[in-house]
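What follows is a structure written as structure tokens; I'll ask about it next.
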Amino acid sequence: MSELFRSSRLGFHAPSMDHLDALAELWSDPQTMQYVGAGNPWSREDVAQRLQRAIALHQQLGMAFWTVKLTETNEIIGQAGVVPIEGKNPAPRDWPIELGYRLGRAHWGHGYATEAARAVAAYTTDPAGPLKLSKLVAVAYPQNTASRRVLDKAGFTHLGETDRYYSVNCSLYELVRTHVG
């Protein structure tokens, strides 16, 4: 599928099973996955299931954790996007929309996560864009200082700690865009 949008160095693509091999390799690394979910690497089967869910979500709602590629080389370096965050509310329609990102360890320290977070926030909250979201949330493990810095740089406000999402204590962030006119 074609590129959905891009930033200066990154292209954001609809999820596809064609991305399975590259993503399975990235998400099999224990250090890369230490702050994702339970902190364990994902098997190829786990990645395939998550990718299938992302494809369905993208087709249904136009949102997902999209595949992120370096525009210069077309190399897949991770995922970033928005999804309904699974909370303790009774129904998915009540779930806020979460901005998230995960990049392979080889691509840390280059500013890609901040660039991805900013690009996804801009794309999804653009009043002329396809989603027109006015509010995003994001969560990070309190000890994941790198991810928390990314959210700060991307314009999110830290709201404190919560156990409302994913049944773990996490730092909660929010970004609110006021659409005028």
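The values are calculated or read from the model by the stated rules, or taken from the named source; none is laboratory data. For clarity, every value in this text was computed on a predicted model and none was experimentally measured. Cβ atoms come from the backbone with ideal geometry, glycine included; neighbour counts cover every protein chain shown.
Residues are listed down the side, and each one gets a yes or a no for (1) of a type in the set (D, E, K, R); (2) modelled with pLDDT under 90; (3) touching a strand residue (DSSP E or B) at 6+ places or on another chain (Cβ under 8 Å); (4) within 19 Å of D21 (Cβ to Cβ):
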residue: L57; (1), (2), (3), (4): no, no, yes, no
residue: T71; (1), (2), (3), (4): no, no, yes, no
residue: I76; (1), (2), (3), (4): no, no, yes, yes
residue: I85; (1), (2), (3), (4): no, yes, yes, no
residue: A91; (1), (2), (3), (4): no, yes, no, no
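If you check G81 against the conditions, is it surrounded by 15 or more Cβ atoms within 10 Å (Cβ to Cβ) and modelled with pLDDT under 95?
On the way: surrounded by 15 or more Cβ atoms within 10 Å (Cβ to Cβ): yes; modelled with pLDDT under 95: no.
Against the criterion (surrounded by 15 or more Cβ atoms within 10 Å (Cβ to Cβ) and modelled with pLDDT under 95), G81 does not qualify.
If you go through segment 9-60 one residue at a time, how many are assigned to a loop (DSSP other than H, G, I, E, B) and more than 21 Å from P130 (Cβ to Cβ)?
Filtering segment 9-60 down to residues assigned to a loop (DSSP other than H, G, I, E, B) leaves 9, 14-16, 28-43.
Filter once more, keeping what is more than 21 Å from P130 (Cβ to Cβ): 9, 28-43.
Looking only at that region, the number is 17.
Restricting to segment 113-171, name every residue that is among the acidic types (D, E) and either crowded, with 20+ Cβ neighbours inside 10 Å or in a loop (DSSP other than H, G, I, E, B) (or both).
First, pick out the residues of segment 113-171 that are among the acidic types (D, E): 115, 126, 152, 161, 163.
Of everything in segment 113-171, those that are among the acidic types (D, E) and either crowded, with 20+ Cβ neighbours inside 10 Å or in a loop (DSSP other than H, G, I, E, B) (or both) turn out to be E115, D126, D163.
A follow-up question, please. Since Y35 meets every condition but one in (1) over 25 Å from H110 (Cα atoms); (2) modelled with pLDDT under 95; (3) touching a helix residue (DSSP H, G or I) at 6+ places or on another chain (Cβ under 8 Å), which condition does it not meet?
(1)
In segment 142-163, what residues are among the hydroxyl-bearing types (S, T, Y) and modelled with pLDDT of 95 or more? Reasoning before the result, please.
Initially, segment 142-163 is screened for residues among the hydroxyl-bearing types (S, T, Y), giving 145, 147, 157, 162.
Answer for segment 142-163, where residues must be among the hydroxyl-bearing types (S, T, Y) and modelled with pLDDT of 95 or more: T145, S147, T157.
Which residues, taken from segment 104-121, are in contact with a strand residue (DSSP E or B) (Cβ under 9 Å, 6 or more places away or on another chain), touching a residue at least 40 places away in the same chain (Cβ under 8 Å) and more than 13 Å from S8 (Cα to Cα)?
G104, A121
Can you tell me which residue is modelled with the highest pLDDT among those in segment 103-141 that are closer than 16 Å to A80 by Cβ and of a type in the set (S, T, N, Q)?
T114
If you check P30, P84, which single one turns out to be without any contact (Cβ under 8 Å) to a residue 12 or more places away in the chain and within 23 Å of A140 (Cβ to Cβ)?
On the way: P84 fails: without any contact (Cβ under 8 Å) to a residue 12 or more places away in the chain.
Only one candidate qualifies: P30.
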